[in-house]
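A quick write-up on the structure given underneath.
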Amino acid sequence: MIGGGRGRLLRGRLFGAGALAAALLGLAVLAALLVDVALDTVSWQVVEPAGSGESFAFLDGFALAGSWERVVRLELAARGVNPEAADALLADREQRRLFAARNRVRLMWAVDGAPLRWVVSSSRDRLVRDEGLLAGARAYRELMAEAGPGRQLYLNPWLNPGFMRRLPSRTPLLAGVGPALAGSLWVIGLVALIAVPLGVGAAVYLEEYGGRSRAARLLEVNLRNLAGVPSVVYGILGLTVFVRLMRLGPVVLAAALTLALLVLPVVVVATREGLRAVPDSLRQAAYGLGAAKSQVVFKVVLPAARAGVVTGVILAVARAIGETAPLLIIGAAAFVPGVPSGPLSQFTVLPIQIYSWVGENDPEFAHLASAGIVVLLVVLALMYAVAARLRRALESRA
């Protein structure tokens, strides 16, 4: 018996060590991937500028509320435009819009070895060479030699505040994730509004009211089946029902309804687990004080389970924000010229925008895709952080 106990203990330790090693290996691989993506958001570039070919010191171009206009004036002066003509161009709304559509004011980390320089990038600039952050650092002397007369060496950070606001473009220097980020926020907001009441209501019915009735059994079987359906099938369902039969078209609302069905089982399961975790003594105490069934459920049990409900909602929304296949099937656009204005607007989302950039045969679009991935990961991290903080706050009040 002693030998058998030692054998079980040894096997348990070996199993624990193997599980720990697998977890550490997975974390190491994930960290390596994250570092690789983050490094790819910065690149060394040898460029032949189509504009003045000048760069400007950070303090010369910086202003609290007018850096863009200040740098543009410096660029126009470098092109030989006199101050009066520059004032006229910036005062004319249409000329100003055209200049902003064709050019971007960018703060480069380095230009020809000088740190923090402003550059006005044009859609007509010619890219000579593009290297990743580490590869470019190793080949720095070679790049500097290649950046001869009429060329500049940029250390270009693709992930910057302008990237978050800009519209998509066929020119990498002018592209951004503004509509995709806004579309993602619109979709996940509507998903939460649709899936949370339905999921919580279904969970309360199954745990507190349904018992072993036929309706409860049928609902539970359907939820289990839905949890195992591939996401692409939800896309086909959304295309058939919401886009065609309901004639909504490929709009934000159709995407939200499709993804709400996709994440509904997650909300139901998490809410049921939270309801089951509520001690039965609370129910009995409420009944002992003369509370009705509805009062026990909605004023005692459900508030005590709110931490679990919040966890389920955040997990569901986090899954929804990363889905691509259902949205591609219902017809989400890869290129949207503006930010969605409502539930019936055409839209795109971050995963689709990233997918579109990855498919482009241009190294600059690969940097844009990496920057988009970082934005998506930051949004997810913020959601999880808010969920963790909210869960702790709710548990402390319970």
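Nothing in this text is a laboratory measurement; each read-out follows from the coordinates by a stated rule. This structure is a prediction, so every number in the text was calculated from the model and none was measured. With ideal geometry, Cβ positions are generated from the backbone for all residues, glycine too; neighbour counts draw on all protein chains shown.
What is the magnitude of the charge dipole of the range 88-224 about its Cα centre, with +1 placed on the Cβ of each Lys and Arg, -1 on the Cβ of each Asp and Glu, and no other charges, expressed in debye to the nearest 20?
Working: 20 positive and 11 negative charges, 68 e Å.
So the magnitude is around 320 debye.
Give me the dipole magnitude in Debye, nearest 20, for the range 1-72 about the Cα centre, with unit charges on the beta carbon: positive for Lys and Arg, negative for Asp and Glu. Please report the intermediate quantities before stating the final value.
Details: 5 positive and 6 negative charges, 256 e Å.
That gives the range 1-72 a dipole magnitude of about 1220 debye.
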*Can you name the helices of the chain, as whole DSSP H runs, whose Cα span along the helix axis is 27 Å or more and whose Kyte-Doolittle mean is not below 0.0?*
2-39, 178-204, 252-276, 363-397
*asked:* Run the numbers for V81 and L218: contour at 0.36 nm per residue of separation, minus the present Cα-Cα distance, in nm.
replied: 41.8 nm
*asked:* Give me the percent relative contact order of the chain, please, defined on Cα pairs under 8 angstrom at least 6 residues apart.
replied: 18
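How much mean residue ellipticity at 222 nm does the chain get from its helices, if each DSSP H run of length 4 or more adds -39500 (n - 2.57) and you divide by all residues, to the nearest 500 deg cm²/dmol? Spell out each step's value before the answer.
Numbers: 18 runs with 244 residues, N = 398.
Helix contribution divided over all residues of the chain: -19500 deg cm²/dmol.
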_Spin-label model distance (nm) - R96 vs L127, 7 Å beyond Cα toward Cβ_ = 3.1
*If we sort 242-250, 286-294, 320-328 on the protection proxy, mean other Cβ atoms within 10 Å, highest first, what's the order?*
320-328, 242-250, 286-294
*Say each of D36 and Q295 gets a label point 7 Å from the Cα, pointing the same way as Cα to Cβ; how far apart are those two points in nm?*
6.1
*asked:* Taking 45 Å as R0, compute the FRET efficiency from the Cβ-Cβ separation of L344 and L64 and round it to 0.05.
replied: 0.70
_Listed values (i) 47; (ii) 41; (iii) 60, entry calculated as percent of Cα pairs over 29 Å apart_ = (iii)
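Taking the Cβ-Cβ separation of S231 and L14 as r and a Förster radius of 41 Å, what is the calculated FRET efficiency to the nearest 0.05? Present the calculation step by step, with values, prior to reporting the outcome.
Working: r = 37 Å, r/R0 = 0.91.
That gives a FRET efficiency of 0.65.
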*Lys/Arg Cβ at +1, Asp/Glu Cβ at -1, dipole of the chain taken about the Cα centre: which of S43, L368, G26 is farthest positive-ward?*
G26
*Calculated FRET efficiency, D112 and A277, Cβ-Cβ r, R0 45 Å, to nearest 0.05?*
0.15
*Positive-end residue of F335, V111, V252, charge dipole of the chain with Cβ unit charges*: V252
